Each structure stands twice: as structure tokens, then as C-alpha cells.
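Below: one structure, written as C-alpha cells.
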Amino acid sequence: MSAVLTFLAPPPGFAPHTDFVLDPVDGADGLFALHATAQPGLRVHLVDPRTVGEEYAPVLPDDQVAALALASPDDALLLVIARPTDEGVSVNLMAPVVVNARSGAAVQVILEDQGFSVRALLT
């Protein structure tokens, strides 16, 4: 099932776009394609870190929680950008995409000082 997302600010590398569609990738549990509605060829793949066994529990900054109007942790959907590399698939755990699952509001958050990697290989 597709979801329409509206980023509060353009994600890095996607300016000026803020409106996106998140589509699950058939046959790949937890893998999604995110593409700009105005430019469908502008796309990135996202992974739900829970589906690949990552122990991932970042602390979101209070201002981002407020901006997304997250009333509880259950309102947040955390996704991480996945990129193929020569060693396998890496994910950016330092800059997750956080979505308010109820409203579709989204941000890409930079998690400072939490020790997350920009290029963590999936195992």
C-alpha cells in the first residue's frame, strides 16, 4: 500500500521537493521506494531497520518530535536509506527518515552524538 508523505523541509539531495510517495517493494519485506511526486525518477530506497534485525532505537530531538506532532513512539515510523556497495548493502543509521504514520508528515533527522554509522553494512 502506497503512502503519501510531506517532508517539513526537502530531504538532503532532493530540494526543492517536499511531496513524496512511499511504495513497498514487492517481494522484499521492509524495503520501500521513496520518490518525488513531481519527478518520479528521483528515487531512493528505504529500509525498515526492524525487518533486517538491526537493534536500532535512536533518541529523536524534542524539536523534531514536536514538529512531526508525534504523540507517542507508536506514531513514528523509522526508515533508513539503503545503498548498494561493493561489500553489500549499507544503511545510514545516523540520518533516519522519521514519518508520522498518522499524518504522513516526515523529516530526515541528523542524529548527533548517538554513535550511529552513516554506512552500516546489513548483515
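The values are calculated or read from the model by the stated rules, or taken from the named source; none is laboratory data. Being a predicted model, the structure only gives us computed values, none of them experimental. In this analysis, Cβ positions are derived from the backbone assuming ideal geometry, glycine residues included, and neighbour counts consider all displayed protein chains.
Counting the residues of the range 12-38 that are within 13 Å of the chain's Cα centre (by Cα), at pLDDT below 95 and either closer than 17 Å to Val107 by Cβ or polar (S, T, N, Q) (or both) gives 1.
Which count do you get for residues in the range 84-93 that are part of a loop (DSSP other than H, G, I, E, B), free of Cβ contacts under 8 Å to residues at least 40 places away in the same chain and under 21 Å from His35 (Cα atoms)?
1
The set of residues in the range 96-116 being within 8 Å of the chain's Cα centre (by Cα) and in a loop (DSSP other than H, G, I, E, B) consists of Pro96 alone. For the range 57-68, the criterion of a residue being under 13 Å from Leu5 (Cα atoms) and not hydroxyl-bearing (Ser, Thr, Tyr) is satisfied by at least one position.
Filtering the range 1-37 to residues that are under 20 Å from Val89 (Cα atoms) and charged (D, E, K, R) leaves Asp23, Asp26, Asp29.
Taking the stated definitions as given, is His17 touching a strand residue (DSSP E or B) at 6+ places or on another chain (Cβ under 7 Å) and free of Cβ contacts under 8 Å to residues at least 24 places away in the same chain? Against the criterion (touching a strand residue (DSSP E or B) at 6+ places or on another chain (Cβ under 7 Å) and free of Cβ contacts under 8 Å to residues at least 24 places away in the same chain), His17 does not qualify.
With the structure loaded, tell me whether Val65 is without any contact (Cβ under 8 Å) to a residue 12 or more places away in the chain and either surrounded by 14 or more Cβ atoms within 10 Å (Cβ to Cβ) or within 24 Å of Val21 (Cβ to Cβ) (or both) or whether it fails that test.
For Val65, the condition - without any contact (Cβ under 8 Å) to a residue 12 or more places away in the chain and either surrounded by 14 or more Cβ atoms within 10 Å (Cβ to Cβ) or within 24 Å of Val21 (Cβ to Cβ) (or both) - is met.
Just one of (1) surrounded by fewer than 11 Cβ atoms within 10 Å (Cβ to Cβ); (2) out of contact with any strand residue (DSSP E or B) (no Cβ under 8 Å at 6 or more places or on another chain) fails for Ala71. It is (1).
Give the number of residues within the range 46-83 that are assigned to a strand (DSSP E or B) and under 13 Å from Leu121 (Cα atoms).
Qualifying residue count, the range 46-83: 5.
Residues that are crowded, with 16+ Cβ neighbours inside 10 Å, part of a loop (DSSP other than H, G, I, E, B) and of a type outside the set (Val, Ile, Thr) within the range 1-45 comprise Pro11, Phe14, His17, listed in sequence order. Filtered by the rule that a residue be crowded, with 18+ Cβ neighbours inside 10 Å and either modelled with pLDDT under 90 or not small (Gly, Ala, Ser) (or both), the range 74-89 gives Leu77, Leu78, Leu79, Val80, Ile81.
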